Each structure stands twice: as C-alpha cells, then as structure tokens.
Amino acid sequence: MRSPLLLLACLYVVQGLPYGFQASALSAYLRSEGVSLSAIGFAGALAAPWMLKVLWAPLVDRYGSARFGRRRSWIVPMQALLAMACLVAAVFPPERALGALLATVFAMNLFAATMDVAVDGLAVDVLRERELGHGNAVQVVGFKAGMLIGGGLLLWASRWIGWQGHFVAMAALVVLALVLTLLTPEPGARRAPGDDAKESTPAHTSMRQVLGTLHRAVSRAGAGWLLVLVATYKLGESLIDPMFSPFLVDRGFAREDLGLWLGTWGMAASIAGSVAGGWLATHVEITRALRVAGALRAVPLAIVVALATLSTFGAPVVIATTIAEHFFGGMLTTTMFAFMMSRVDREVGASHFTLLATVEVLGKSPLSLASGWLAERAGYVGIFGVGLAISVVWAAMVGAVAKKA
C-alpha cells in the first residue's frame, strides 16, 4: 500500500461502531423497552474503557511481534474479539437479557478502545510530518462515520433487518477491516529527504523502559504547556454545546426539528469541518493553523450568545448557526489532534498519544457535566457569555502557548 490512510480510515470507522451504538442507539432501544431515564443515563458508564485506556496503553508499546507487525499484533486480535462480541450481542435483545447485553456492550467498547491505542500508535509510526493533517482528518472523520453507522444508520435500518441484523452488520464491517489488516503488511516509518519525522523504534524490552520513556516525554521542557493547551481548547464549547439544545426547546422549537438540525445536519457539518481541518493542518504551519481554527470557532459561539439576548428568531438562523458551530468545531478538533501527534514521542507513540487524548477528554468533561447546574444559576446569556469569553481567550493565547509546548 502506497499510503496508510486507507487502512487507517477503515480502522477508525470500525472503532466508532460500538461507541456510536452505545452513545445513540442503545438509549433508543432501552427506552423503547421501558427502561428508566436514570438507568439509561448510568448506561453511559459502558464507555469507561475509552476514558481508562491510558492505563493499559503502555502494554501496547511494550509487547508486539516485529515479524507480524508491532501494532498489528494488537489490532488483529482486538478486531477478532470485537467481531465476536457483536455476534454475541445479536443474541441478547434488551427485552430478554439486558444484563448480558450491557456486559457485552462494555466488552465491545473495551476491545475497540484497546484497538484505538494500537491504531493511534500505528498512525504515529507511519505518518510523516506533512501527512499529519490528512491523517488526523481520517482519524476524526472515520470515527464519526463509524458512530453514524453504528448509532444511526443501522438503528434506522433495524426496522427491516431487526436487532440481530443490526449486530451482524456491525460484525461484518469489523471482519472486512480485519481482512484488510491481514492483507496489508504493517508499513514501517518512512523518511523522505528533508522530512523531519523520526524513525519508528521497535518495541521496548521491558515495561520499565516503556514507562521511563513515557515519563521523560511528559517531563521534558514544554510538556506542561502541551497538556494545558490540550485540556483547555474546548472548555468554552463544553459550556455552550450541552445547553444549546435545551435553550432552543425553551424558545419553542420542536425537538424533532432539533434532532434533524443538530443531530444530522450538525454531524454532517462536523465531518466536513474535520476534512477542512485536515487540509488546514497540512497546508498551514501547525501553530498558525491552531490559531486560525480557534478564532473561527469563536464566531458561531458569539452568534449563540447574540441569540440568547433576542426575544425571537427563526429556524434559518438556528440552522445556519448549528452548521457553522459544528463545522468550525470539527475543524478545530482535527487541527488539535494533528498538533498533538506532531508533539508525540514516537518511541512510545501509542501511550503518549493516548495520554494526550485522555487529557483532552478529561479537560472538557467537568464543565460539560456542570453546564446545566451553571445555566440554572447564570441563565443562558450568562453561561453562553462565559463560554465565549473562554474560547476567545484561548484563541488569543494559543500561538504563544503552542510555541512553548
């Protein structure tokens, strides 16, 4: 294969399947069976492996067969286990075996999250500096496409293919990716003339060596600034996004319309923005690309604040704002992921990138969880205004901070 992007795209799509099912389709299935809203909310804990994968990421850097492929040694078995888990879930409909189904969904997320560590490591190993923009566009778009398939399209098709068909289709997609992985020799890191990318290193000889290298990576000069940058880039968005839909409901818009505008058109715009972010990170110096994406991201957030001050506004304004918000949000995400990958120590690429990705999630989670509580006290204008202020400050400071990272 001349380029690893096709393989990476397939792998990221597969990883998004179980997460999309757990995040979107599962709640619909459970509610249709009369499961309480509280229980459905707690079902979000099934995605815990995606938050905790950093704990076992060093194992992926430590162990692997050089002959079979350092990363394929993990990707292939995780794909096989994920496909089997999908087939197992097919025989556990929620109305008859809810406990077994939830345990299986947890296992699916565990296998996919572990595979994600290895796939991120593969991307770090094989992508050259000038490929990071396209590579991370593939990463973000592929995962979102997998979520759409697992949590949207197959749920829609389940009226014809049924519960079992939903999971058999997921298993089939995983098997297709498994076959492609087996047919594709693991690309070694390449170094073109003038390319400043480092050569990939073989697996470490001991876990102490892995942890030692990772410790040096997070202790080097500028590493703290990198963590701050990653943890804060979506703080403002995490305050605004969770409350935007309730705000529109309170202004009289139908939830069915919001599902179409935010869930479907918004996701399509997010995917388009991720592609644009990949182009930006490829053709513009990465620090400047971050600054541009951050500034553009603040524009639709400012419109949201303006809407909160108005007594009335129409659907076209909401649709345009939603599309812009998701588009520039997707652009910023891909640009940030490319920046993260450019700063990763390739000796422990899987562990280091997974650590940064975990910091990214942890950074935006607290304010997102508290957004409703804050909105009740500060009002929509107040919380949207604070979110905008945080985003503007981040965009203004990102250039100086990124140079230190």
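The values are calculated or read from the model by the stated rules, or taken from the named source; none is laboratory data. The shown structure was predicted, so the numbers you read here are calculated from the model rather than taken from an experiment. FYI the Cβ positions are ideal-geometry reconstructions off the backbone, even for glycines, and counts take in every protein chain you see. These accessible areas exclude ligands, DNA and RNA; they are computed on the full protein's heavy atoms, side chains included. Shrake-Rupley method; radii C 1.70, N 1.55, O 1.52, S 1.80 Å.
Remarks
Here is a yes/no grid of residues against (1) of a type in the set (A, V, I, L, M); (2) without any contact (Cβ under 8 Å) to a residue 60 or more places away in the chain:
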position: 300; (1), (2): no, yes
position: 310; (1), (2): yes, yes
position: 316; (1), (2): no, yes
position: 352; (1), (2): no, no
position: 362; (1), (2): yes, no
position: 377; (1), (2): no, yes
position: 381; (1), (2): yes, no
position: 389; (1), (2): yes, no
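- Of all residues making up the stretch 93-142, the number that are open to solvent by 20 Å² or more (accessible area, probe 1.4 Å) and either under 28 Å from residue 329 (Cβ atoms) or of a type outside the set (Asp, Glu) (or both): 18
- Given (1) open to solvent by 40 Å² or more (accessible area, probe 1.4 Å); (2) among the hydrophobic types (A, V, I, L, M, F, W, C); (3) closer than 23 Å to residue 258 by Cα; (4) at pLDDT 95 or above, number of the condition residue 389 does not satisfy: (3)
- For the criterion of being closer than 24 Å to residue 264 by Cα, of a type outside the set (A, V, I, L, M, F, W, C), out of contact with any helix residue (DSSP H, G or I) (no Cβ under 7 Å at 6 or more places or on another chain) and surrounded by fewer than 20 Cβ atoms within 10 Å (Cβ to Cβ), residue 382 fails.
- Candidate set: the stretch 317-368, residues that are over 15 Å from the mean Cα position of the chain (by Cα) and within 16 Å of residue 236 (Cβ to Cβ); chosen: the one surrounded by the fewest Cβ atoms within 10 Å (Cβ to Cβ): 366
- Of the listed requirements (1) open to solvent by 20 Å² or more (accessible area, probe 1.4 Å); (2) in contact (Cβ under 8 Å) with a residue 40 or more places away in the chain; (3) of a type in the set (Gly, Ala, Ser), residue 34 misses just one: (2).
- Residue within the stretch 95-103 that is under 24 Å from residue 42 (Cα atoms), touching a residue at least 40 places away in the same chain (Cβ under 8 Å) and not in a helix (DSSP H, G or I) present: yes
- Only a single criterion out of (1) surrounded by 14 or more Cβ atoms within 10 Å (Cβ to Cβ); (2) outside any helix (DSSP H, G or I) is not satisfied by residue 311, namely (1).
Rundown of residues vs (1) in a helix (DSSP H, G or I); (2) surrounded by fewer than 22 Cβ atoms within 10 Å (Cβ to Cβ); (3) under 23 Å from the mean Cα position of the chain (by Cα); (4) without any contact (Cβ under 8 Å) to a residue 40 or more places away in the chain, yes/no style:
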| position | (1), (2), (3), (4) |
| --- | --- |
| 13 | yes, no, yes, no |
| 28 | yes, yes, yes, no |
| 51 | yes, yes, yes, no |
| 61 | yes, no, yes, no |
| 81 | yes, yes, yes, yes |
| 88 | yes, yes, no, yes |
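- Checked against the criterion of being touching a helix residue (DSSP H, G or I) at 6+ places or on another chain (Cβ under 9 Å), open to solvent by 60 Å² or more (accessible area, probe 1.4 Å), in a helix (DSSP H, G or I) and modelled with pLDDT of 85 or more, the candidates 249, 230 yield just one match: 249.
- Of the residues making up the stretch 110-156, those that are farther than 17 Å from residue 53 by Cα, among the aliphatic types (A, V, I, L, M) and within 12 Å of the chain's Cα centre (by Cα) number 6.
- In the stretch 153-173, the residues that are within 22 Å of residue 107 (Cα to Cα) and part of a helix (DSSP H, G or I) never reach a residue that is open to solvent by less than 40 Å² (accessible area, probe 1.4 Å) and among the charged types (D, E, K, R) with C-beta atoms less than 7 angstrom apart, at least six apart or across chains.
- Within the stretch 372-405, tally of residues that are touching a Ser or Thr at 6+ places or on another chain (Cβ under 7 Å) and of a type in the set (A, V, I, L, M): 3
- For the stretch 236-246, residues that are surrounded by fewer than 21 Cβ atoms within 10 Å (Cβ to Cβ) and more than 30 Å from residue 133 (Cα to Cα) total 2.
- In the stretch 258-292, the qualifying residues are those that are over 22 Å from residue 145 (Cα atoms) and part of a helix (DSSP H, G or I), and the one that is most open to solvent (accessible area, probe 1.4 Å) is 288.
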